[in-house]
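Peer 1: So that we are looking at the same thing, I have put the structure below in C-alpha cells.
Each reported figure results from applying straightforward, stated rules to the coordinates on display, with no laboratory input. This one's a predicted model, so the numbers in the text were calculated from it and none came from an experiment. Here the Cβ is made from the backbone with ideal geometry for all residues, glycine too, and neighbour counts use every protein chain on show.
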C-alpha cells in the first residue's frame, strides 16, 4: 500500500532505473499505473518526468496519461498515472507473425507523428522514442482502444532556440531506435525524435531490425547509415523516403510535419485503393 491509498496489484513493466506496476485506488476503485524509482538509482528521472506530466496535462489535446500523484518515502519515489492499454511492443509480439501489415504500420506512423508534433509544439523533445513508449487507450470504446498515447518522459528535455548543437557524454535513448545523431553523441533535437519513428515503422513491418542482436553502438550506427542505400531491400520505399527526409533536417529546423504526414497518408490511401 502506498500513501494509504494506492494498492499494488502486479508488475507490468521494467526500465533501466524504475519498475511499473498496475495498481488500484482503494478509495475510488480506479485502476492506475504506479512507477517506482529507488532513491538509490544512479540516474534519477522520476521527478523530471513528473514535472513534464504536470505541464503537458495542462495542454489540451495531447494524448498522454493523466498524472494522479507523486510522492516519496524512505526508499523510493512514486508516480501514479492513469492506466493505459497495451504497448506497441506488446501488440506486435501478440501477432501470429510478430509483424504488422503495411496499412496498420502507416496508420500507426501517422498517429506517432501527430503525437510528437504536439510534444514539440509544447517546446519539448522526448529523446527516447521506442515501441514500449506508445500505448493504446484503455477505454471501453473501440476508437479509444485504437488511439495511441505517448509515455515515459524521464529523458524528456525542453527545446530552446538558443540551445547549441553540443556533444553528450553518453548515447541518449534506446540504441536500437536511436537516431544517427544520438550514436554520434550529439545533443538531440526534434528531428531525432522523428528519425526514431522511422526505425519503429520498419521494425513493426519487418518484424525485426537488422541490428537487433548487435550491441556495439558504432556498428548499429553504420548499419543505420547504409540501410537507405540498399537497392535490393524488402523495406517499403515510403519508409526509406521518410528516413531520408528527416535525416536532412538541421538541428534547429522546424520539422515539416504536414509534409511527413501527407506522404504517409498518400501511401495509406494508395494501399487501400490497390
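Peer 1: Hey, how many Å between the Cα centroid of the stretch 192-266 and the Cα centroid of the stretch 3-60?
Peer 2: Result: 31 Å between the Cα centres.
Peer 1: Further question on the same structure: Could you sort the peptides 191-199, 74-82 by per-residue average Cβ neighbour count (10 Å cutoff), highest mean leading?
Peer 2: So the order, starting with the most tightly packed, is 191-199, 74-82.
Peer 1: For the stretch 114-272, count the residues as N, evaluate 2.2 N^0.38 Å, and divide the Cα radius of gyration by that value, please. Please report the intermediate quantities before stating the final value.
Peer 2: On the way: Rg = 15.8 Å, N = 159, 2.2 N^0.38 = 15.1 Å.
Computed over Cα atoms of the stretch 114-272, the ratio equals 1.05.
Peer 1: How much length is gained if the chain between residue 147 and residue 213 is pulled fully straight, taking 0.36 nm per residue apart and subtracting their Cα-Cα distance, in nm to one decimal?
Peer 2: The span from residue 147 to residue 213 would gain 20.7 nm if fully extended.
Peer 1: Whole Å is fine, so just give me how far the alpha carbon centre of the stretch 150-179 lies from that of the stretch 73-114.
Peer 2: 20 Å
Peer 1: How do 55-63, 236-244, 173-181 rank on mean C-beta neighbours within 10 Å, highest first?
Peer 2: 173-181, 236-244, 55-63
Peer 1: How high is the relative contact order of the chain, in percent, with contacts defined as C-alpha pairs under 8 Å that are six or more residues apart?
Peer 2: Rounded, it is 15 percent for the chain.
Peer 1: For the pair residue 59/residue 259, report the inter-label distance in nm, with labels modelled 7 Å from Cα in the Cβ direction.
Peer 2: 2.3 nm
Peer 1: Please compute the modelled spin-label separation between residue 252 and residue 44, points set 7 Å along Cα→Cβ, answer in nm with one decimal.
Peer 2: Spacing of the two 7 Å Cα→Cβ label points: 3.4 nm.
Peer 1: When only Cα pairs under 8 Å and 6 or more residues apart are kept, what is the percent relative contact order across the stretch 145-274?
Peer 2: Normalised by residue count, the contact order of the stretch 145-274 is 22 percent.
Peer 1: For residue 241 and residue 161 in one chain, what is 0.36 nm times their gap in residues minus the Cα-Cα distance, to one decimal in nm?
Peer 2: Details: separation 80, 0.36 × 80 = 28.80 nm, distance 2.72 nm.
Separation in residues times 0.36 nm, less the Cα-Cα distance, equals 26.1 nm.
Peer 1: What is the stretch 6-82 by shape, rounded, prolate or oblate, if you read a ≥ b ≥ c off the alpha carbon gyration tensor as root eigenvalues and call it rounded for a/c under 1.5, prolate for a/b larger than b/c, and oblate otherwise?
Peer 2: Cα axes put the stretch 6-82 in the oblate bin.
Peer 1: A follow-up question, please. Rounded to a whole number of µm²/s, how large is the Stokes-Einstein D of the chain at 25 °C and 0.890 mPa s, given Rh as the Kirkwood radius over C-alpha pairs?
Peer 2: Translational diffusion coefficient: 125 µm²/s.
Peer 1: What is the helix-to-structure angle for 46-57, meaning the angle in degrees between its Cα long axis and the longest Cα principal axis of the chain, kept from 0 to 90 and rounded to the nearest 10?
Peer 2: Relative to the chain, helix 46-57 is tipped by roughly 80 degrees.
Peer 1: Evaluate the relative contact order of the stretch 35-83 (contact order divided by residue number), counting alpha-carbon pairs under 8 angstrom at least 6 apart; express in whole percent.
Peer 2: 44 percent
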